Amino acid sequence: MSQPSVVLATASYDHTIRFWEAKSGRCYRTIQYPESQVNRLEITPDKCGLAAAGNPHIRLFDVNSNSPQPVMSYDSHTNNVMAVGFQCDGNWMYSGSEDGTVKIWDLRAPGCQREYESRAAVNTVVLHPNQTELISGDQNGNIRVWDLRANSCSCELVPEVDTAVRSLTVMWDGSLIVAANNRGTCYVWRLLQGTQTMTNFEPLHKLQAHDGYILKCLLSPELCEPNRYLATASSDHTVKIWNVDGFALEKTLTGHQRWVWDCVFSVDGAFLITASSDSTARLWSMSNGEEIKVYKGHQKATVCCALHDGNEPSS
């Protein structure tokens, strides 16, 4: 198979992962994933691999082959893996699980290299753009910064006691972080580099974005500049787009019939892909908020999506 310029994948409670042609909406590959549901998908920076976070494994599939078998399996979590992502050069992967741990995996070696104990089910993990700090959010409402150089937790905060942090997102330049919770609230902080380059949180804004759960929040990418947006996907069937300058509501994306679990921006921020319990994924125009394409094929809830339409890192 030749390398596709756009890699778009979704996973569903129907125990399949599907790859789609973004423009035509055609599904060109289906991977059966019988052993568990897939909670999260992430594409490697070089566009060659797709990580599927399940229960309790992470499987890495080859994007450019038709093989149904994973090329690698990462196996030391003991419960649902809820978060997975890659360091910018693709040398290592990070994960967070309902087993209460955050782990780091060297992709060139077997096994887990590091483990951090969050003491509550981890729902979300993001990598700071400085590539030296992981930030996790858990079911008890804790946000923790894990300093990879000091190998310890450098910062801890609880925006709302006993309210699960569902999703975290960091601005591409490291200037902002947003945490979304089960009460439809987004907390926004400025990230300040303090002494010893330790990240400090300065409260900036509290946004009551939805009446239902926020299942995913996501800040727009660098190539979207000078526009800066926050997308919030919710159990209320909508995705809302907020202007980060003042957090005014720009538009509401309506069309999904059930919960919207996941969303991902195109590399230039001009489009958004969403995944929903209505079994579809959808492509939206950010300029007018219109639905452009519906990806139909899954038989049950589509709970995660991944998109890589940018350039690979220069070697």
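The values are calculated or read from the model by the stated rules, or taken from the named source; none is laboratory data. The model shown is predicted, which means the values in this text are computed figures rather than measured ones. For neighbour counting, all protein chains shown are included, and Cβ atoms are generated from backbone atoms with ideal geometry for every residue, glycine included. The protein model used for the area step is the full one, side chains on, heavy atoms only, and it has no ligands, DNA or RNA in it. Shrake-Rupley method; radii C 1.70, N 1.55, O 1.52, S 1.80 Å.
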Report task. Look at region 143-155 and say how many of its residues are in contact with a strand residue (DSSP E or B) (Cβ under 9 Å, 6 or more places away or on another chain), part of a loop (DSSP other than H, G, I, E, B) and without any contact (Cβ under 8 Å) to a residue 40 or more places away in the chain. Result -> 2
Report task. Name every residue in region 191-206 that is farther than 22 Å from Val122 by Cα and under 20 Å from the mean Cα position of the chain (by Cα), in order of residue number. Result -> none
Report task. Take Thr199 and decide whether it is modelled with pLDDT under 95 and either open to solvent by less than 10 Å² (accessible area, probe 1.4 Å) or in contact with a helix residue (DSSP H, G or I) (Cβ under 7 Å, 6 or more places away or on another chain) (or both). Result -> yes
Query raised in the report: What pairs can you find where one residue is in region 271-290 and open to solvent by 10 Å² or more (accessible area, probe 1.4 Å), the other is assigned to a loop (DSSP other than H, G, I, E, B) and among the aromatic types (Phe, Trp, Tyr), and their Cβ atoms are less than 9 Å apart, with a gap of 6+ or different chains?
Result: Ser277/Tyr13; Ser277/Trp259; Asp278/Trp259; Ser279/Tyr13
Query raised in the report: Restricting attention to region 156-177, which residues are part of a loop (DSSP other than H, G, I, E, B) and within 19 Å of Leu207 (Cβ to Cβ)?
Result: Val158, Pro159, Glu160, Val161, Thr163, Ala164, Met171, Ser175
Report summary line: If we keep only residues of region 211-266 that are touching a residue at least 24 places away in the same chain (Cβ under 8 Å) and of a type in the set (S, T, N, Q), then the residue most open to solvent (accessible area, probe 1.4 Å) is Asn227
Report task. Out of Val102, Val71, report the one residue that is over 25 Å from His128 (Cβ atoms) and aliphatic (A, V, I, L, M). Result -> Val71
Report task. With the condition kept exactly as written, say whether any residue in region 99-111 is of a type outside the set (Val, Ile, Thr), in contact with a Pro (Cβ under 8 Å, 6 or more places away or on another chain) and at pLDDT 95 or above. Result -> yes
Requested in this report: Return the residue satisfying two criteria in turn: it lies in region 5-44 and is open to solvent by less than 30 Å² (accessible area, probe 1.4 Å) and more than 21 Å from the chain's Cα centre (by Cα), and of such residues it is nearest to Gly85 (Cα to Cα).
Outcome: Arg29
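So which of Asn243, Asn200 ends up being within 19 Å of Thr185 (Cα to Cα) and polar (S, T, N, Q)?
Details: Asn200 fails: within 19 Å of Thr185 (Cα to Cα).
Result: Asn243 is the single residue among Asn243, Asn200 that is within 19 Å of Thr185 (Cα to Cα) and polar (S, T, N, Q).
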Query raised in the report: Out of (1) in a loop (DSSP other than H, G, I, E, B); (2) surrounded by fewer than 18 Cβ atoms within 10 Å (Cβ to Cβ), the odd one out for Lys47 is which?
Result: (2)
**Report entry** Hits in region 254-280 (condition: under 20 Å from Arg166 (Cα atoms) and part of a strand (DSSP E or B))
**Finding:** Val260, Trp261, Asp262, Cys263, Val264, Phe265, Leu272, Ile273, Thr274, Ala275, Ser276
